[in-house]
Structure formats: C-alpha cells, structure tokens
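Below: the structure, in structure tokens.
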Amino acid sequence: MHMLTSPLRPPASHTRRQCLRVAGLACLPAWALAVSAAGPGSAAAASPAALPIFDAHLHYSHDAWDRLPPAQAVALLRQAGLKRAMVSSSSDEGTQMLYQAAPDLVLPSLRPYRSRGEIGSWMNDSTVVAHLEARLAKYRYVAIGEFHIYSSDADGAVMRRVVALAREHRLFLHSHSDADAIERQFKQDPDARILWAHAGFDSPDKVREMLRRHPRLWCDLAFRSDHASMGRVDDAWRAAFLEFPDRFMVGTDTFTPERWYYVVDHANSARQWLATLPPPVAENIAWKNGERLFGGLLAAR
Ligand SMILES: [Zn+2]
C-alpha cells in the first residue's frame with residue numbers, strides 16, 4: 001500500500017545528488033559546505049521571481065542540530081525561496097531554535113516526541129500529555145504534530161487528550177495516519193482541523209473521497225512522488241487538485257538530517273510540476289493554502 005510512493009528515488013535529473021543521497025550521512029559535508037558558502041551550492045537557489053513555497057512538512061530534530069546549526073538551516077530555507085516553513089521536531093527545542101532564528105519564516109508545530117525513538121510508543125505513554133501541556137503553556141504553535149497514529153490507536157487515552165488539547169488551543173492536528181485514524185479523530189471532535197500528512201499515502205481517489213466527506217481536512221503531499229514525475233502531474237492527482245484546489249499543500253519532510261539537503265530541490269521540483277496546473281491552482285497549492293490556514297495563527301495568540 002505504501003508503495004504508492006518511491007521516496008528514496010530523487011528526480012532523475014539529479015543523478016549526482018542521488019549518489020550523495022544513497023551515501024546517507026556521507027553527503028552531510030557536501031551540503032553543509034554548500035550552505036556555508038551561501039550559496040547556491042549544488043542546488044540552484046530560487047530566483048526572486050520564483051513561485052513562493054509554503055513548506056508544510058519540515059522537522060529539525062536533535063540529530064540535525066550539530067551538523068546543521070539553526071543559522072544554516074534558515075539559510076537553506078531562504079535559499080529554497082520558502083515563504084513559510086512549518087516546522088516540528090523531536091524534541092521541541094529544535095523548533096524553538098529555528099523559530100527564534102527566523103520568526104518571519106518559521107511556523108512552529110508541537111510534536112509529541114521528545115526523541116527520535118518515540119514514534120511507535122508515544123500513544124501509550126501518558127507522560128506525553130504533561131510534556132504537551134507544559135510546552136503549550138510556554139510557547140505558541142499553529143498545530144500539534146506531526147504525530148503518527150493508526151486505526152484504533154487513535155481512540156486511546158493519549159490521542160484523545162491530543163485531540164482535546166488541539167481543540168482547547170485552537171490548533172490544527174498534523175496527523176500521519178491511515179484514513180481510519182482520521183475518521184476517529186473527527187468523531188472525537190467534528191470541529192477539528194486536520195492536516196493529513198502525506199495525504200495518508202493513500203490513492204488520489206480515496207483522498208478525494210475523504211476531502212468530500214470532511215470539509216475541515218487538508219493534505220500535505222510530502223515524501224510522495226506518485227502525484228508528479230518529470231515535471232508532469234499524474235492525471236488522477238490533477239483531477240484531485242482541480243476538484244479541491246484549496247485543500248493541498250507541499251512539504252519536504254526532513255525526517256532525517258540528510259533530508260535537509262533536499263529542501264531546495266524539493267521547492268524547485270514543486271515549482272516545475274505546479275507550473276503545469278492552472279496558475280490560481282498552482283499558487284494555492286504552492287503557498288496560498290498554507291498561508292491562509294496557518295499564516296495568521298501566531299499573531300492571533
Ligand atoms: Zn514527517
């Protein structure tokens with residue numbers, strides 16, 4: 001099912017980077033160098049006239065901080081021509097460091113994870129609730145997430161509290177979930193606003209069905225490549241984008257440190273496939289949807 005994506009395969013035009021990508025950590029000095037040289041390094045910087053991008057799915061977790069300090073991470077985001085970057089991290093300190101470095105650019109989202117290993121256990125760990133409450137009392141956010149939750153786990157006590165906290169604090173839920181877990185969250189709070197990470201790695205037809213049923217559901221397209229390849233939009237996805245031009249946004253998903261290398265490439269390749277859609281639809285998906293939903297949330301707090 002999840003093979004709808006081919007996340008490990010970079011665009012065909014980037015063979016040299018593919019070597020770096022496959023080399024994993026070995027690529028770090030290369031992109032660190034590219035950033036510190038400001039420059040455009042190996043990935044072309046966005047031209048001033050380039051379509052702005054709202055990247056709805058970024059992480060700046062603890063194992064990235066030393067290799068890519070906040071100032072360099074922000075330099076990469078700006079090199080990519082991002083208008084906004086929705087960032088969460090394990091732990092939340094990474095998000096706060098990036099937000100302090102670029103409050104005009106970074107929109108903080110609160111992850112339930114204090115370290116990388118909690119993805120599969122957090123929903124059974126009641127200490128997560130106190131962690132979230134303490135952070136919510138101290139800092140401002142636009143969402144809780146991204147968190148991973150599947151099927152009936154979404155009805156567990158910790159997840160129920162997360163849905164309630166989002167409601168109390170008027171926050172979005174950024175949910176990496178199957179469709180079933182999305183349904184369960186809406187059952188708990190029909191007024192919830194959910195950003196469905198990776199559009200659930202589900203098929204475009206299923207995604208359309210979910211969007212028809214839930215007017216307060218939006219999708220990010222992070223870490224999937226079935227919607228567009230070689231700068232062309234897949235036909236079934238094109239139909240989804242045209243039916244729901246105000247419900248999709250793009251995202252890189254920097255879930256490991258080396259994924260930061262792709263922030264600029266991701267923005268540039270998004271601009272390519274978006275250019276094949278009607279301009280108002282492209283602008284919506286590129287940045288206007290994200291800006292409309294999240295852009296004013298911090299100021300309202
Ligand atoms: Zn993610």
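The values are calculated or read from the model by the stated rules, or taken from the named source; none is laboratory data. Please read all numbers here as calculations on a predicted model, not as lab measurements. All Cβ positions, glycine included, derive from the backbone under ideal geometry; neighbour counts span all protein chains shown.
The figures follow:
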quantity	calculated
Of all residues making up the range 203-226, the number that are under 16 Å from the mean Cα position of the chain (by Cα) and buried (at least 19 other Cβ atoms within 10 Å of the Cβ)	8
Number of the condition not met by ASP155 [criteria: (1) within 16 Å of the ligand (Cβ to nearest atom); (2) more than 23 Å from HIS59 (Cβ to Cβ)]	(1)
Residues of the range 241-260 classified as within 30 Å of TRP65 (Cβ to Cβ) and out of contact with any strand residue (DSSP E or B) (no Cβ under 6 Å at 6 or more places or on another chain), total	6
Residue in the range 184-208 that is nearest to the ligand (Cβ to nearest atom), counting only those that are of a type in the set (Gly, Ala, Ser) and either touching a residue at least 60 places away in the same chain (Cβ under 8 Å) or at negative phi (or both)	ALA197
Enumeration of residues in the range 245-276 that are touching a helix residue (DSSP H, G or I) at 6+ places or on another chain (Cβ under 6 Å), surrounded by 16 or more Cβ atoms within 10 Å (Cβ to Cβ) and part of a loop (DSSP other than H, G, I, E, B)	PRO245, ARG247, THR252, THR254
Contacts under 9 angstrom Cβ, first residue in the range 222-236 being more than 21 Å from TRP260 (Cα to Cα), partner within 16 Å of the ligand (Cβ to nearest atom) and modelled with pLDDT of 95 or more, 6 or more apart	HIS227/ALA199; HIS227/LEU221
Single unsatisfied condition, TRP122 versus (1) in contact (Cβ under 8 Å) with a residue 12 or more places away in the chain; (2) under 21 Å from the mean Cα position of the chain (by Cα); (3) more than 23 Å from PRO257 (Cα to Cα)	(3)
Count of residues meeting criterion [of a type in the set (Asp, Glu) and more than 16 Å from the ligand (Cβ to nearest atom)] in the range 252-288	2
Scope the range 163-181; condition within 16 Å of the ligand (Cβ to nearest atom) and within 28 Å of GLY295 (Cβ to Cβ); matching residues	PHE172, LEU173, HIS174, SER175, HIS176, SER177, ALA181
Subset tally (residues that are away from the ligand (no atom under 13 Å from the Cβ) and outside any strand (DSSP E or B)) for the range 65-93	20
Some residue of the range 155-166 being in contact (Cβ under 8 Å) with a residue 12 or more places away in the chain, hydrophobic (A, V, I, L, M, F, W, C), buried (at least 22 other Cβ atoms within 10 Å of the Cβ) and in a strand (DSSP E or B)	no
Check on ALA239, crowded, with 21+ Cβ neighbours inside 10 Å, free of Cβ contacts under 8 Å to residues at least 60 places away in the same chain and in a helix (DSSP H, G or I)	no
Residues within the range 121-140 that are part of a helix (DSSP H, G or I) and either surrounded by 16 or more Cβ atoms within 10 Å (Cβ to Cβ) or among the polar types (S, T, N, Q) (or both), tallied	10
Qualifying residue in the range 282-296 (condition: surrounded by fewer than 22 Cβ atoms within 10 Å (Cβ to Cβ), among the small types (Gly, Ala, Ser), at negative phi and in a helix (DSSP H, G or I))	yes
